[in-house]
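Structure first, then comments.
Throughout, read-outs are computed from the coordinates displayed, never taken from laboratory work. Model, not experiment: these values are computed from the prediction. A quick note on method: Cβ atoms are made from the backbone with ideal geometry, for glycine too, and the neighbour counts reach across all protein chains shown.
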Amino acid sequence: MSKVDESRAGFRQEFTRFFSAQFPKLFRYLDRLGGDPGSASDIAQEALVKLYQRGEMPDSPEAWTVTVALNLFRNQRSTERRRLQILESSSAPRELDEATASEGPARSAAQRDRVRTALEQLSERERSLLLLRSEGYSYQQLAASLQIQETSVGTLLARARRAFIERYGENADASG
Amino acid sequence: MHPDDELLQRRLDGELSRDALVDVQAHLDVCSECTLKLERMRAELERVETLLPHLDHDLPHVDPNSVLARLHEWLPGAAIVRDVPARGGRFAFVWETPWRRWAAAALVLVSFGGVAYAIPGSPLRDWVQSAREWLAGDDRARSRPSEDVGIDDSELSESGVAATDHAGVSALPGEAFVIRFESITLGSQVLVTLTDDPEILVQAPAGAAGFTTGDGRITVEVQKPGTTIEVFLPRHAPRIELRVAERIVFEQSGTRVTTDSSADATGRYLLPLAH
């Protein structure tokens, strides 16, 4: 095997390990961000394929991949004019009858709706901060992915969490 | 002094250095106000982590080896195609075949039509032949020069890069970035493409331009007449300027672009550098 082939085989091995570790995090981030699991899977794969096509790992492959994925997500929204799924947002939440047999699915759909609405009421940066930190990305990776000062990440994250809780609470009050 | 939200949040998220952690903890040990504040932040974090999973769908099973196998099957020219150097270094650029190029090439081929192709002496014949080779993916263009394709050493420039290759630099855009062009030669121009990649890439045929990098900037010294410098800009970068001397010839701010040139059919901008 030539040195080039050895190098490429080594990179492929490194890439597949990275793919296995990162795909679940990317998928969950994009799924939570957009509410569309099919699209989330496609974008996550496309971002990782772009990394493979790069030919070598960048300095921070996690941040690099998140940046690409977020750009692809934004492109998809702006070009296709995709409306984010807000489940049953135009109708009032159903009143749960205590005698109803299966309370679980109805309650979780309403809960998902409230969480989605609260998330949508944040700025794009706050949403991504919240969701990416939930996936375990470091402050350094968050700063690189979202192009913000690393020394501000903590403050912005605190605000995002607080805003999300407040919006969620307001939405819960409004729905009775 | 009470630690601010930044420090408390970092304490909560485990992002403090050891020394900073000692200092913050020492303060918390004697300050009930800050301790309460930290506990409130902790409750918010836990609440967020309890609520977000309500949005989740099942994780699909995706095998990376299957993804790569399909990639190689459907786009043979899309295998490892580019090597980006460590800072400031040269690199051997090889062709890539993104979907957009396939579509653009097909559109142009159809537009020209059979009549133009049939005209004796038409340059279209040579063009079509070149496009056919490019679309098929020339094996020689795919690999590094001087390795496993038997390129004659006499074809290498002094830098060791094959004459058909490009050289350039890449950088992350940060919050603001300037690309400056100097020593403009006759007929030189810049071709700007917006991409989904996170990095700025500036390249030119090997030997046609020199590059220097600094904090938030790349300087390009054009060295040969008629050079086309390719600039690839991240589509969502906060702010990037292209300057000739102090004149701004292209400005990108997020998705908004300001320039005198119009985008072509493939969304790229061709900017003449000389007045």
For region B:13-18, what does the Karplus curve 6.51 cos²θ - 1.76 cosθ + 1.60, with θ = phi - 60°, yield as ³J(HN,Hα) per residue in whole Hz, taken in order and with x for Gly and Pro? 8, x, 10, 8, 5, 4
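What's the average, rounded to a whole number, of partner chain beta-carbon atoms within 10 Å of each residue's beta-carbon in A:152-164? Kindly include the intermediate steps, with their values, before the conclusion.
Numbers: counts 1, 5, 13, 7, 3, 10, 11, 2, 2, 9, 5, 0, 5.
Average neighbour count from other chains, rounded to a whole number: 6.
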Cα-based Rg and Dmax for region A:128-168, where Dmax is the largest Cα-Cα distance (Å): 9.9, 28
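Which peptide among A:157-168, B:31-42 comes first, and what is the full order, when sorted by highest mean count of other Cβ atoms within 10 Å? Mind showing how you got there, number by number?
Working: A:157-168: 19.5, B:31-42: 13.8.
Most protected by this proxy first, the peptides run A:157-168, B:31-42.
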Per residue of B:11-18, what is the mean number of Cβ atoms on other protein chains within 10 angstrom of that residue's Cβ? 3
Could you tell me the distance between the Cα centroids of region B:200-275 and region A:145-176, to the nearest Å? 37 Å
Near the amide H of residue B:229, under 5 Å away, which other amide H atoms are found, from residues 5 or more places off or on another chain, if H is placed in the peptide plane? B:189, B:190, B:191
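Give the peptides A:31-41, B:178-188, B:251-261 in descending order of average Cβ contacts within 10 Å, highest first. Could the numbers behind the result be given before it?
Working: A:31-41: 20.0, B:178-188: 17.2, B:251-261: 13.6.
Those peptides, ordered most packed to least, come out A:31-41, B:178-188, B:251-261.
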Rounded Å value of the spacing that divides the Cα centres of region A:44-79 and region B:25-54: 33 Å
Within 10 Å of each Cβ in B:263-272, how many Cβ atoms from other chains are there, averaged over the peptide? 0
Determine the relative contact order of region B:171-249: mean sequence separation of Cα pairs under 8 Å and six or more apart, normalised by residue count, in whole percent. 47 percent
Through the Karplus equation 6.51 cos²θ - 1.76 cosθ + 1.60, θ set to phi - 60°, convert the phi angles of region B:223-228 into ³J(HN,Hα) values in whole Hz; use x for Gly and Pro. 10, 10, x, x, 7, 9
Cα-Cα P(r), region B:1-61, percent of pairs per 10 Å interval: 20, 42, 20, 13, 5, 0
In whole Hz, the Karplus estimates of ³J(HN,Hα) for region A:116-129 (6.51, -1.76, 1.60; θ = phi - 60°; x where Gly or Pro) are 4, 4, 4, 5, 5, 7, 8, 6, 4, 5, 5, 4, 5, 4
Amide H neighbours of residue B:167 under 5 Å, at least 5 residues apart or on other chains, H built in the peptide plane: list them. B:204, B:206
Sorted by chain and then number, the residues having a modelled amide H within less than 5 Å of the amide H of residue B:179, at least 5 places away or on another chain, are B:218, B:241, B:242, B:243
